[in-house]
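The values are calculated or read from the model by the stated rules, or taken from the named source; none is laboratory data. These numbers were taken from a predicted model, which means no experiment stands behind them. With ideal geometry, Cβ positions are generated from the backbone for all residues, glycine too; neighbour counts draw on all protein chains shown. When the accessible area is computed, the model is the full protein with side chains, heavy atoms only, and any ligands, DNA or RNA have been set aside. Shrake-Rupley method; radii C 1.70, N 1.55, O 1.52, S 1.80 Å.
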Amino acid sequence: MDGIMSQEIFLFFEGKPQALVLYETFARRMSAEVGEAEVRVQKTQIAFSKGHNFAFVSFLPLRKAAERPEEYIVITFGLGHRVDSPRIDGAVEPYPNRWTHHVLISKEEEIDGELMGWVKAAAEFSSQKGQRRRRV
């Protein structure tokens, strides 16, 4: 991950210092546990890719405003199955056997082994996309 922090990332989190801290914690764990990944800052999200996107950081309003913390990030990842956990704020199956999951993070301690296990599995799942297409 070339440079966990860049000018684009600082601009993405402008006015949201606690969300930036959460992102930095997530990005460091991502680098340590998932390995090198391309980081692309887009208008509404930051995408992590190893050939295919496998995780995203955004500010999706998953909960009603009164139920959302003031500062947070949303970690989104895709798997071939649905994860049932009270930590998952939303899960949808946009394609058969492709589940997109959203987890709202408002504290650094929520970026734990369980979350990183899901993200690592998502990286492995996304790396199989090209292999699945070639076999068809």
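Quick rundown of the values:
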{"read-out": "Breaking point among (1) closer than 22 Å to GLU114 by Cβ; (2) open to solvent by 40 Å² or more (accessible area, probe 1.4 Å), for HIS52", "value": "(1)"}
{"read-out": "Failed item in (1) in a loop (DSSP other than H, G, I, E, B); (2) in contact with a strand residue (DSSP E or B) (Cβ under 6 Å, 6 or more places away or on another chain), with PHE56 passing the rest", "value": "(1)"}
{"read-out": "Meets criteria (farther than 20 Å from SER106 by Cβ and in contact with a strand residue (DSSP E or B) (Cβ under 6 Å, 6 or more places away or on another chain)) for SER6", "value": "no"}
{"read-out": "In segment 71-100, residue nearest to the chain's Cα centre (by Cα) [restricted to those that are open to solvent by 30 Å² or more (accessible area, probe 1.4 Å) and closer than 21 Å to ALA27 by Cα]", "value": "THR100"}
{"read-out": "Qualifying residues in segment 3-34 (those that are free of Cβ contacts under 8 Å to residues at least 60 places away in the same chain and not in a helix (DSSP H, G or I)) - the one surrounded by the most Cβ atoms within 10 Å (Cβ to Cβ)", "value": "PHE13"}
